[in-house]
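A.B. asks: To start, I am sharing the structure in question, which I have written as structure tokens.
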Amino acid sequence: MSSIGLQEKSPQHILAEESIRVLEEKYKEILEINPALDRSLVSFQANKSEPIFRWFHYREGFSKQLIEYIIDTLNIPQGGQLLDPFAGTGVAPFVASNINNMRGIAIELMPVGVFFMQCRNAFSSLPSKEVIKFAKETISNRDIWKNIKPSWKFNHLKITEGAFSESCEYELCQFKTWISSLQDENYKVFLNFVAFTILEKFSFTRKDGQYLRWDHRSPRFEKSDKKKKFDKGEILNFYSALKEKLIFIIDDLEKNSNDDAQPKNNKIDIIEGTVLKEINNIDNESIDVIITSPPYCNRYDYTRTYALELAYLGVTEEKIRSLRQTLLTCTVENKPKEFEWIERKTIENIDIIFSKQKCLQDVINFLKSEAELGKLNNKGIQTMVKGYFYDSAVHLSQAASKMKSGSYYIMINDNVKYNGLDIPVDLLLSEIAFEFGLKTEKIWVLPKGKGNSSQQMKKHGRSELRKCIYIWKKA
């Protein structure tokens, strides 16, 4: 018998599983496998074929086609206001503005997403032929910036030191210095954006789930005794990466000269900061639809994954630490938030609702018992899961007050597994949403789920976790 089969479940594990079984039974008619959905549609993968969206691979996003499908299937009316409270690169508000004549509102904490949306806003009023002209001029202007003594410096974070060769970093600094000397503001925005999108291409790093993987050729390992085996393959020099991206953009715009690549002035409203605070800037009962994908309860720290881009944008170590604590709780480093900006009466009501979620409390108690026994690979998982659902409860309380009667809240999210327990994030959040007046009409389930983490597989065996789209409607 395998070691998996020999592991006995604790009383807390059994109790949590029974509570989950009861919840699964309650929602069995609402959970609906939707054959129209696949993993590429609810991730950035489908955007690889979309002009502008594919110029920067934001892996945590979802596709343009998914938003089109949701708007069409749920008959979201023309006009009105769409809010994405965890906007990333703003796919939902941009698409809704473009195809449904809606005012798109994006709230985003991470400077990476904010920068992309600001650039996209700028591009929305630029004819393709002008962007093509910018790209072609840049390819032929290398001799100009190569003769410049750089005044701009790449201010590294601790986790980005050694990410580039000296020659590549020097040319990036020359290029950025040249950009600052240009008179055309649109040209400057375009070039700053292009440099931002190619950082990984000429670096010794590659984004890999929760962190950056480092190639063994990085100068950070020159004096290290530890042997690094990872090889990311070809590492381009700065100009090769730049030229490759510019040619890609030219081809993209020339092929799509009659459709989405053309300017439609579909600018969106961008609000930078945490939705837990910034949503207060939105009028009550003013939102016609919310479409979003929040951070998942999976320990991923986006400040590490996008460290190169954050450093490029001038984000400091202090700001990084602040971002990590301000994010919706999803990492083991997160500390409980005080929510001092929210009225005590509101927090007290959320506390009551949170504490009466039986299944959720049983899940939290199981993780707490595992932490006390030293069975969690990080004891912060228990506080992270508790914080994730509490922060989500605060958000759902706020969001419901901003929605019009009869409006939809559509959330894309994944279930997770910790210490052998499949945690139904979809059902637990639906239970909380109901307490704030959001009824679950359907939970669309992808035909193919996702596997649990490699650590979980080794210890508890492989299980397929639901990847879902929740459809909540305000009464």
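A.B. asks: Quick check: residue separation of N378 and E464 times 0.36 nm, minus the Cα distance between them. What number comes out in nm? Display every interim value, and only then the final one.
C.D. replies: Numbers: separation 86, 0.36 × 86 = 30.96 nm, distance 2.25 nm.
Gain on stretching N378 to E464: 28.7 nm.
A.B. asks: Mind checking which of L199, Q183, I279 is farthest towards the positive end of the chain's charge dipole, using Cβ charges of +1 (Lys, Arg) and -1 (Asp, Glu) about the Cα centre?
C.D. replies: Positive-end residue among those listed: L199.
A.B. asks: I need the Kirkwood Rh of the stretch 128-255: take the reciprocal of the average 1/r across all distinct C-alpha pairs and report it in angstrom.
C.D. replies: Values: mean 1/r = 0.0631 Å⁻¹.
Kirkwood hydrodynamic radius for the stretch 128-255: 15.8 Å.
A.B. asks: Listed highest first by mean packing, meaning other Cβ atoms within 10 Å per residue, what order do 367-373, 287-293 come in?
C.D. replies: Working: 367-373: 17.4, 287-293: 24.0.
So the order, starting with the most tightly packed, is 287-293, 367-373.
A.B. asks: Additional query: What does the charge add up to near Q325, with Lys and Arg as +1, Asp and Glu as -1, over the other residues with Cβ less than 10 Å from its Cβ? Numbers along the way, then the final one.
C.D. replies: Numbers: positive: R321, R324, K335, K337; negative: E333.
My count for the surroundings of Q325 gives +3.
A.B. asks: Peptides 423-432, 166-175: what's the order by average Cβ count within 10 Å, highest mean first? Before the final figure, lay out the partial values.
C.D. replies: On the way: 423-432: 23.9, 166-175: 18.6.
Sorting 423-432, 166-175 by mean packing, highest first, produces 423-432, 166-175.
A.B. asks: Bin all alpha-carbon pair distances of the stretch 335-378 at 5 Å intervals from 0 and give each bin's fraction as a whole percent.
C.D. replies: Binned Cα distances yield the sequence 5, 18, 17, 19, 18, 13, 7, 2.
A.B. asks: Lys/Arg Cβ at +1, Asp/Glu Cβ at -1, dipole of the stretch 128-255 taken about the Cα centre: which of Y239, G209, N141 is farthest positive-ward?
C.D. replies: Looking along the dipole axis, the top candidate is G209.
A.B. asks: Let me ask another. So for the stretch 128-255, averaging the separation of alpha carbon pairs under 8 Å that are six or more residues apart and normalising by length, what relative contact order in percent results? Write down the numbers at each step before the final one.
C.D. replies: Details: 125 pairs, mean separation 39.6, N = 128.
The normalised contact order for the stretch 128-255 reaches 31 percent.
A.B. asks: Right, something else. Past the 31 Å Cα-Cα mark, which pairs from K245/K402; K158/K402; K368/K473; K146/K232; K153/K245? Write out the running numbers ahead of the final one.
C.D. replies: Values: K245/K402 41 Å; K158/K402 40 Å; K368/K473 33 Å; K146/K232 27 Å; K153/K245 22 Å.
Where the Cα-Cα span goes over 31 Å, the pairs concerned are K245/K402; K158/K402; K368/K473.
A.B. asks: In whole Å, what are the extents of the chain along the principal axes defined by its C-alpha atoms, from largest to smallest?
C.D. replies: 70, 60, 44
A.B. asks: While we're on this one: So, with +1 on the Cβ of K and R and -1 on the Cβ of D and E, and no other charges, what is the size of the charge dipole of the stretch 128-255 about its Cα centre, to the nearest 20 debye? Could you put the intermediate results ahead of the total?
C.D. replies: Numbers: 25 positive and 20 negative charges, 97 e Å.
Dipole magnitude for the stretch 128-255 comes out near 460 debye.
A.B. asks: Less than 22 Å apart at the alpha-carbon level, and either on another chain or at least 8 residues along: which lysines does that give for K375?
C.D. replies: K9, K335, K386, K417, K458, K459
A.B. asks: Counting only C-alpha contacts under 8 Å and six or more residues apart, can you give the relative contact order of the chain as a whole percent? Don't skip to the end; give the middle numbers.
C.D. replies: Values: 768 pairs, mean separation 94.3, N = 475.
Computed over the chain, the figure is 20 percent.
A.B. asks: About the Cα centre of the chain, how large is the charge dipole given +1 on each Lys and Arg Cβ and -1 on each Asp and Glu Cβ? Please answer in debye to the nearest 20. List each step's numbers first, then the result.
C.D. replies: On the way: 68 positive and 63 negative charges, 241 e Å.
My answer is approximately 1160 debye.
A.B. asks: Quick one: plug the Kirkwood hydrodynamic radius of the stretch 48-135 (C-alpha pairs) into Stokes-Einstein at 4 °C, 1.567 mPa s, and report D in µm²/s.
C.D. replies: Numbers: Rh = 13.7 Å.
The calculation lands on 95 µm²/s.
A.B. asks: Now for a separate question. Cross-link candidates for K267: which lysines have Cα within less than 20 Å, leaving aside residues fewer than 8 places away along the same chain?
C.D. replies: Correct list for K267: K64, K129, K188.
A.B. asks: Still on this model: Which of S224, S97 has the fewest other C-beta atoms within 10 Å, and how do the rest follow up to the most? Working shown, then result.
C.D. replies: Values: S224 10, S97 22.
Neighbour counts put them in this order, fewest first: S224, S97.
A.B. asks: Then there is this: Given bins 10 angstrom wide, list per bin the percent of all Cα-Cα distances in the stretch 113-178, short to long.
C.D. replies: 18, 32, 38, 12, 0
We did not get these values from a lab; they are worked out from the coordinates using the rules stated. A quick note: this is a predicted structure, and the numbers were derived from the prediction, not measured. Backbone-built Cβ (ideal geometry, glycine too); neighbour counts: all protein chains shown.
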